[in-house]
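Asks: Below is a structure I'd like to ask you about.
The values are calculated or read from the model by the stated rules, or taken from the named source; none is laboratory data. Predicted model, so just to flag it, every value in this text is computed and none were measured. Virtual Cβ from ideal backbone geometry, glycine too; neighbours counted across all protein chains shown. Quick note on the areas: whole protein, heavy atoms, side chains included, nothing else; ligands and nucleic acids left out. Shrake-Rupley method; radii C 1.70, N 1.55, O 1.52, S 1.80 Å.
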Amino acid sequence: MNKILENLNDKQKEAVTTIEGPVLVIAGPGSGKTRVLTHRVVYAIAQKNIPKESILAVTFTNKAAKEMKNRIVSLLGSMNALGSDKKAFHKAINSYSTSFATDFPTISTFHSLCVKILRDEAEHIGYKRDFVIFDSDDQKSLIKKIMKELQIDTESFNPRTILAEISNAKNELRNPKTYEEMIDGYKEETVSKIYNIYQKRLKENNSMDFDDLIMQTSILFFTNPKILEKYQDKFRYIMVDEYQDTNHAQYKLVNLLSKKHKNIFVVGDDWQSIYKWRGADIKNILEFEKSYAGAKTILLEQNYRSTQKILDASYSIIAKNVNRKEKSLWSKKESGFPITVYEAANEKGEAEFIISEIAKANTKDNLRLNEIAILYRTNAQSRSIEEAFLQYNVPYRIIGGIKFYMRKEIKDIIAYFRLIQNPTDLMSFERVVNTPKRGLGKSTYEKIISESRNQGKGIVEIISNYNKGDISAKRLESLVGFAKIIENCKEKTKTMKIKEVLEYLLTNINYELYIKDGTDEGESRWENVKELFTAVEKYDDFTAEKSLNLFLEEVALATDLDKVDEKQDAVTLMTLHSAKGLEYDTVFIIGLEEGLLPHAMSLSDEFEMEEERRLCYVGLTRAKNRAHLVFARVRRIFGSTQSNYPSRFISDIPDHLVDMQNQGYSYLDSDESEANYL
């Protein structure tokens, strides 16, 4: 037991060794919550003899899940608790699988967990097990089609807004029927019509969107008590990471799974709840004790990351929030640099200050660039920093740019893969039937779609037997040839590796010739396509039929943070929302101005303002040693010139923690005192 508990502080030990019943761990930033989670899994297995397969640990990103898995394997290995074949255990716990491993803990994201459950149980709610997962582009395309059918003007109702409303409904576990019952006005009535058809089309297509994964799993459990009990008995010990980020659907899913045995352990920090805009409900963590009678609460208050000055400055900002649980963060790093507050003349001066400070840190302190982050409230703020970095040749990377799997050429091949996997996927068919060009006209396409729906047959089967006289012999030959390629690929998945099927597909549709088009951009796109061979190599142990499912799931569930290359020596630029869970030696938070941070939309709403405070708190606590808060007297952004007051968050920080600097004339020294903007 000493090996499991060594190097843990008293509160961490208490959290690790409290195995039975509901437990809430309030973990401040840098307090070792991942260490607690992983050690608790190992303690349960090695000291309490709890069967490995009865443990479920859930987090939000694939990256976090992978880190937890590797730490658990390492700890179990040091405890000699892996059994005779350590290599097999390591491979099994990190393997790509569509089903749950036996004799191993399940460590997964919420969505990956639900995919695994639905792959086994989807037929109980009217889906086939080989359902496909729609990405945001697929969703938007389908919404636009439905709006066109209903003659709803996309100028009056933005498809993105419609999708956001549907997403919110699903996060609240409201299906089209229950949403319709809550209509209150013309907007909701319009969304309801679209939502109803949207959900029917998804089901016709044997598809689910991202939010469906949790909602449909919850529906499965609500409507099938025996299946729910099956998973309750399977997962007797449930642990949830970042609990403050859970939405209602995630809360309900965990609540259902833990209801029978009541061994629910959650770790989170209400001060870091910053995802209200995507459905996160801070009440889940604030009211945990109400939801789970007899819950034990443990506070992790020792910070291992930041200096005490950074913690004190962060607390001074968050302390003004009313809806929070109190805790006192402390660090053994009692000394440290004061918080630099820099007043720039404009966004150009802001960028020049950052470059100057980076140069000092790089030459004087030998600080690597990948230990520096620049954080901002909105993506548009990166432009001026990027321009300056390019001018001064400062290497940088942006988290939140165009994802590899969202590029057109990659989405083309993925659409082919999805059609091979699921012959009823009309969205994928529409994308690739004329890619490359096959001369299929709109009217013929619509007739094929109609026949597929009326006959309940897959689109490929309809095309294979298409003999209507409304298409020329040449086009019919091309169309039937297309169907033949899909059928051949489907057949080859049973015996070949996925990269061999990919090679066959690309060759037979002449995609290289199509995509290159004689330009440098075309050459670059083809290089992206070739990179797919690298992406699918990890599935070499499986036949293409199985690996196709695994690959498509990985693509659908990937996040920006999963692809961050931490070894690249470059400054990281990202939004404050993307920064949670990360840490850097030095952090710059830019745009600390009223209207930017806090955001303009929060200025008249006390609950939104509390979230803005939490956002600033998260940004500041990413820093280990140095934190710079920067604002500009004048800023050109969003197509206009703005002159905003400095952020109220700056004046929240006590003077003895701040080193105030400015570029020439100081706004704060003028007659317009800070009292005038609070």
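Asks: For segment 303-317, give me each residue that is closer than 26 Å to Leu8 by Cβ and under 28 Å from the mean Cα position of the chain (by Cα).
Replies: Answer for segment 303-317, where residues must be closer than 26 Å to Leu8 by Cβ and under 28 Å from the mean Cα position of the chain (by Cα): Asn303, Tyr304, Arg305, Ser306, Ile310, Leu311, Ser314, Tyr315.
Table: residues versus (1) over 24 Å from Lys546 (Cβ atoms); (2) out of contact with any Ser or Thr (no Cβ under 6 Å at 6 or more places or on another chain); (3) surrounded by fewer than 19 Cβ atoms within 10 Å (Cβ to Cβ).
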| site | (1), (2), (3) |
| --- | --- |
| Tyr416 | no, yes, no |
| Thr424 | no, yes, no |
| Val432 | no, yes, no |
| Glu446 | yes, yes, yes |
| Ile449 | yes, yes, yes |
| Ser452 | yes, yes, no |
| Thr495 | no, yes, yes |
| Lys499 | no, yes, yes |
| Glu512 | yes, yes, yes |
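Asks: Under the condition of being modelled with pLDDT under 95 and open to solvent by 20 Å² or more (accessible area, probe 1.4 Å), which residue from segment 3-29 is nearest to Phe288 (Cα to Cα)?
Replies: Ranking the candidates gives Leu5 first.
Asks: Counting only residues that are surrounded by fewer than 22 Cβ atoms within 10 Å (Cβ to Cβ) and touching a residue at least 60 places away in the same chain (Cβ under 8 Å), how many does segment 255-270 have? Don't jump to the end; show me each part of the working.
Replies: Going through segment 255-270, the residues surrounded by fewer than 22 Cβ atoms within 10 Å (Cβ to Cβ) turn out to be 255-256, 259-263, 270.
If we keep only those that are touching a residue at least 60 places away in the same chain (Cβ under 8 Å) too, we end up with 262-263, 270.
Within segment 255-270, residues that are surrounded by fewer than 22 Cβ atoms within 10 Å (Cβ to Cβ) and touching a residue at least 60 places away in the same chain (Cβ under 8 Å) number 3.
Asks: Give just the number: which of (1) open to solvent by 10 Å² or more (accessible area, probe 1.4 Å); (2) assigned to a strand (DSSP E or B); (3) of a type outside the set (Val, Ile, Thr) does His656 not satisfy?
Replies: Going through the list (1) open to solvent by 10 Å² or more (accessible area, probe 1.4 Å); (2) assigned to a strand (DSSP E or B); (3) of a type outside the set (Val, Ile, Thr), His656 breaks only (2).
Asks: Every residue in segment 137-159 that is open to solvent by 40 Å² or more (accessible area, probe 1.4 Å) and either touching a residue at least 60 places away in the same chain (Cβ under 8 Å) or in contact with a strand residue (DSSP E or B) (Cβ under 7 Å, 6 or more places away or on another chain) (or both), please.
Replies: Of everything in segment 137-159, those that are open to solvent by 40 Å² or more (accessible area, probe 1.4 Å) and either touching a residue at least 60 places away in the same chain (Cβ under 8 Å) or in contact with a strand residue (DSSP E or B) (Cβ under 7 Å, 6 or more places away or on another chain) (or both) turn out to be Asp137, Ser141.
Asks: Just wondering, is there one or more residues in segment 317-328 that are surrounded by 15 or more Cβ atoms within 10 Å (Cβ to Cβ) and part of a helix (DSSP H, G or I)?
Replies: The first filter runs over segment 317-328 and keeps only residues surrounded by 15 or more Cβ atoms within 10 Å (Cβ to Cβ), leaving 317-318, 321, 324, 327.
After this cut, where a residue has to be part of a helix (DSSP H, G or I) as well, the list is 317-318.
Yes - at least one qualifying residue is present in segment 317-328.
Asks: Output the residues belonging to segment 69-87 that are open to solvent by less than 50 Å² (accessible area, probe 1.4 Å) and either modelled with pLDDT of 90 or more or small (Gly, Ala, Ser) (or both). It would help to see each step written out before you state the result.
Replies: As a first pass, look at segment 69-87 and keep what is open to solvent by less than 50 Å² (accessible area, probe 1.4 Å): 69, 72-73, 75-77, 79, 81-82.
The answer is Gly77, Ala81.
Asks: Which one of Ala558, Ala600, Ala623, Ala627 is aliphatic (A, V, I, L, M), modelled with pLDDT under 95 and under 30 Å from Arg35 (Cβ atoms)?
Replies: From the options Ala558, Ala600, Ala623, Ala627, the qualifying one is Ala558.
Asks: Under 9 Å by Cβ, and 6 or more places apart or on different chains, what pairs join a residue from segment 112-128 that is more than 15 Å from Leu253 (Cβ to Cβ) with one that is assigned to a helix (DSSP H, G or I) and of a type in the set (S, T, N, Q)?
Replies: Arg119/Asn549; Ala122/Gln216; His124/Thr223; Tyr127/Gln216
Asks: Could you please find all residues in segment 329-348 being among the aliphatic types (A, V, I, L, M) and open to solvent by 20 Å² or more (accessible area, probe 1.4 Å)?
Replies: Here is the first cut: in segment 329-348, the residues among the aliphatic types (A, V, I, L, M) are 329, 339, 341, 344-345.
Leu329, Ala345 - these are the residues of segment 329-348 that are among the aliphatic types (A, V, I, L, M) and open to solvent by 20 Å² or more (accessible area, probe 1.4 Å).
Asks: What about Tyr179, is it closer than 25 Å to Thr246 by Cα and aromatic (Phe, Trp, Tyr)?
Replies: Yes: the conditions hold for Tyr179.
Asks: Test each condition in (1) within 28 Å of Val630 (Cβ to Cβ); (2) part of a loop (DSSP other than H, G, I, E, B); (3) of a type in the set (Lys, Arg) for Lys348 and report the one that comes out false.
Replies: All conditions are met except number (2).
Asks: Please specify each residue of segment 273-296 satisfying the condition of being open to solvent by 60 Å² or more (accessible area, probe 1.4 Å) and not in a loop (DSSP other than H, G, I, E, B).
Replies: Lys276, Trp277, Arg278, Lys283, Glu289, Lys290, Lys296
Asks: Being open to solvent by 10 Å² or more (accessible area, probe 1.4 Å) and either closer than 19 Å to Ser306 by Cα or touching a residue at least 40 places away in the same chain (Cβ under 8 Å) (or both) narrows it down to one residue among Arg622, Arg636; which is it?
Replies: Just a single option satisfies the conditions, and that option is Arg636.
Asks: Hey, Lys408 hits all of (1) under 17 Å from Val480 (Cα atoms); (2) under 25 Å from the mean Cα position of the chain (by Cα) but one; which does it fall short on?
Replies: Lys408 satisfies all of (1) under 17 Å from Val480 (Cα atoms); (2) under 25 Å from the mean Cα position of the chain (by Cα) except (1).
Asks: Do any residues in segment 4-15 that are farther than 10 Å from Ile298 by Cβ have Cβ atoms under 7 Å from those of residues that are open to solvent by 70 Å² or more (accessible area, probe 1.4 Å), where the two are at least six apart or on different chains, and which pairs are they?
Replies: Short answer, once both residue conditions are applied: Leu5/Lys13.
Asks: Follow-up. What strands (runs of 3 or more DSSP E) completely inside segment 590-644 contain at least 1 residues that are charged (D, E, K, R) and more than 15 Å from Ile374 (Cβ to Cβ)?
Replies: It comes to 623-632, 635-637.
Asks: Of the residues that sit in segment 399-412 and are within 19 Å of Ser382 (Cβ to Cβ) and open to solvent by 60 Å² or more (accessible area, probe 1.4 Å), which one is modelled with the lowest pLDDT?
Replies: Residue satisfying both the conditions and the ranking: Ile402.
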